[in-house]
Amino acid sequence: NPLKNVSKFKEPKGRTRFLSESERKRLLKACKNSQNKMLYLAVLMALSTGARRKEIWDLKWGDINLNKGFITFEETKNGKTRTVPLQGLGLDCLREYSSIRRIDTDLLFPSKFNPEKSIDLRAPFIKALKEAKIDDFTWHDLRRSCASYLTMNGVPARTIAEILGHSSLQMVLRYSHLSP
């Protein structure tokens, strides 16, 4: 075997950055104070559902059941549709937001200039992170934060995998050290 003397690369450990309680409070406060009024709800939904950035930004009102508190993500990274619960503050804010929704589009977070395209919240998000004095944090870390919070609250790994849309438990096991 010509490769018998070639050593294998080590697999990266994987990023597990998530918001501490004080960081979460500061970030949500900064998002609430943002000039972009959609940022707070989008971040809150990402923290509550563990959905990816594009899944949140491309949500349509038809994907949401406000009465039962469920969101269905149709266009996911792995191509599988998944339905996740939304409760508490996230659901309350979404219900409130539904009363002032734009009627020229089915998008939850439409662009200000083109109602057929979803908004890009990267710039307001980065600004909110700076205002909240949070370093080394990305939008995808909101997903990791959700997984971390679920793990710390004793939610079974299989349930977390279903909520996040992971096809295997390997991804969820990164957070096992946070389990009570």
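The values are calculated or read from the model by the stated rules, or taken from the named source; none is laboratory data. All of these numbers come straight from a predicted model, not from anything done at the bench. Using ideal geometry, Cβ is built from the backbone for each residue, glycine included, and neighbour counts are taken over all protein chains shown. In case anyone asks, the SASA skips ligands and DNA or RNA and just uses the protein heavy atoms, side chains included. Shrake-Rupley method; radii C 1.70, N 1.55, O 1.52, S 1.80 Å.
Summary of computed values
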{"item": "Residue selected from region 131-152 under the condition in contact (Cβ under 8 Å) with a residue 40 or more places away in the chain and of a type in the set (D, E, K, R), by the criterion nearest to GLN87 (Cα to Cα)", "result": "ARG143"}
{"item": "Residue that is farthest from VAL172 (Cα to Cα) [pool: residues in region 122-141 that are among the hydrophobic types (A, V, I, L, M, F, W, C) and in contact with a Lys or Arg (Cβ under 8 Å, 6 or more places away or on another chain)]", "result": "ALA132"}
{"item": "Filtered residues of region 157-176 (kept if among the small types (Gly, Ala, Ser), surrounded by fewer than 16 Cβ atoms within 10 Å (Cβ to Cβ) and part of a loop (DSSP other than H, G, I, E, B))", "result": "SER167, SER168"}
{"item": "Flag for ASN78 being more than 17 Å from the chain's Cα centre (by Cα) and farther than 16 Å from TRP139 by Cα", "result": "no"}
{"item": "Those residues of region 98-156 which are open to solvent by 70 Å² or more (accessible area, probe 1.4 Å) and not in a loop (DSSP other than H, G, I, E, B), in sequence order", "result": "ARG122, ALA123, ILE126, LYS127, LYS130, GLU131, HIS140, MET152"}
{"item": "Every residue from region 145-155 that is touching a helix residue (DSSP H, G or I) at 6+ places or on another chain (Cβ under 9 Å) and of a type outside the set (Phe, Trp, Tyr)", "result": "SER145, CYS146, ALA147, SER148, LEU150, THR151, MET152, VAL155"}
